[in-house]
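Notes follow the structure.
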Amino acid sequence: MDLGAVRTFVAVADAGQFQAAADELGVTQQAVSKRIATLERHLQVSLFVRSARGTQLSADGQAFLPHARELLQVAERAVSAVQSVRRPLRVDVLNRRTAPATALHAFHQSRPDVELDVVTLPDADLDTVVAAVASGTIDATFRSPRHPLALPVKAARAIDDAHELLVGPRHPLADASTLTPADLVEHRLWIPGMKPGTEWALYYEELARTFALSIDTAGPTFSAEVLLGELAASATLATLVGTGSRYLWPESYDLRRIPIVNPTPIYPHFVIWHTDNPHPALTAFLDHLRAAHTSPPDSWLPTWARAGQ
């Protein structure tokens, strides 16, 4: 089967128009029509219903579409099997300030011979990044799936990021050496810009319920630098950060990172990868994460992560 024709079919199905698909593929509309006609002759079915309102999939086209997508993914993995040694290991770390980025940097320090392509996909949901791993677009990512993934894509708990309280010098808790969750009950914890329904939003909702905390997600996120400046100037604002996250601020801010204990809230990061990925550096990266994985002895995890221990 001509994979170029299959790729063209998927492009038309997604775009809904032959011309839009042609623009995306960088070919003429006539070339798109010829490829679709060739594919239809090969399959001996009509894949589209054409009308003045556009192009719609026929019943046969709807049945063929998921298999067409799978064909293209298999083709990409086949190419990757012979080309992977010639490209960097591509890892999505969500955000370059967070614990996954810190872990990837530690791997780079231990294996400077491995070329890395650091990707950040903070707005991509779990289904999107799993599809990217499945297709070979990225070699690994970090998320917190609440349910087991379908093989051959796999997830394993790799980083237990302990929480700390971050406050300015005028905050009532600023001089504490450690804090317990109970110490935070009377204080507002500000984590602006949290999108409802995301894995981290669900984590903080369970954390707040468990320890009766007041977590305020109101307001937009302008930048980490703006947040740090507001914390430094406030006597009431506080936020939570992971020990693996990296923030830099002017010395004049005098911000305090205070460990939370008895228990220590843990945000679990799972590494997600394709078990058939042939990249020679992926196994080394996964082995590095397993060897580095530690967790405080007295820690709190969300229920769905505890079930996977």
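The values are calculated or read from the model by the stated rules, or taken from the named source; none is laboratory data. This is a predicted model, so every value here is computed, not measured. Ideal geometry is used to build each Cβ from the backbone, glycine not excepted, and the neighbour counts take in all protein chains shown. Protein only, heavy atoms only, side chains kept; ligands, DNA and RNA dropped before computing areas. Shrake-Rupley method; radii C 1.70, N 1.55, O 1.52, S 1.80 Å.
See the values below:
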{"quantity": "Alpha-carbon centroids, segment 227-244 and segment 177-211: separation in whole Å", "calculated": "13 Å"}
{"quantity": "Stokes-Einstein D (µm²/s) once Rh is taken as the Kirkwood radius of segment 43-175 over alpha-carbon pairs, at 37 °C in 0.692 mPa s", "calculated": "176 µm²/s"}
{"quantity": "For segment 9-75: relative contact order, % (alpha-carbon pairs under 8 angstrom, 6 or more apart)", "calculated": "27 percent"}
{"quantity": "With DNA, RNA and ligands ignored, accessible area of Lys195 (1.4 Å probe; Å², nearest 10)", "calculated": "110 Å²"}
{"quantity": "For the chain, calculated [θ]222 nm from helices alone, where every DSSP H run of n ≥ 4 adds -39500 (n - 2.57)", "calculated": "-12000 deg cm²/dmol"}
{"quantity": "Gyration tensor (alpha-carbon) shape descriptor, the chain, a/c threshold 1.5", "calculated": "prolate"}
{"quantity": "Rounded accessible area per residue of segment 173-258, 1.4 Å, Å²", "calculated": "52 Å²"}
{"quantity": "For segment 159-284: rounded, prolate or oblate by the Cα gyration tensor [a/c cutoff 1.5]", "calculated": "prolate"}
{"quantity": "FRET efficiency for Gln56 and Arg306, using Cβ-Cβ distance with R0 set to 45 Å, rounded to 0.05", "calculated": "0.45"}
{"quantity": "Solvent-accessible area per residue, Å², over segment 16-123 with all protein chains present [probe radius 1.4 Å]", "calculated": "60 Å²"}
{"quantity": "Cα gyration tensor category, rounded, prolate or oblate, for segment 251-309 with a/c compared to 1.5", "calculated": "oblate"}
{"quantity": "From the C-alpha gyration tensor of segment 235-281, square roots of 5λ in Å", "calculated": "35, 17, 8"}
{"quantity": "Rg/Rh ratio calculated on Cα atoms of segment 110-213 (Kirkwood radius)", "calculated": "1.06"}
{"quantity": "Ratio Rg/Rh [Cα only; Rh per Kirkwood] for segment 122-169", "calculated": "1.12"}
{"quantity": "Which of Asp298, Asp92 is most accessible, then next, and so on - probe 1.4 Å", "calculated": "Asp298, Asp92"}
{"quantity": "Solvent exposure, largest accessible area first (probe 1.4 Å, DNA, RNA and ligands not counted), of Ser33, Ser245, Ser177", "calculated": "Ser177, Ser33, Ser245"}
{"quantity": "Within the accessible area of the chain (1.4 Å probe), percent carbon and sulfur", "calculated": "53 percent"}
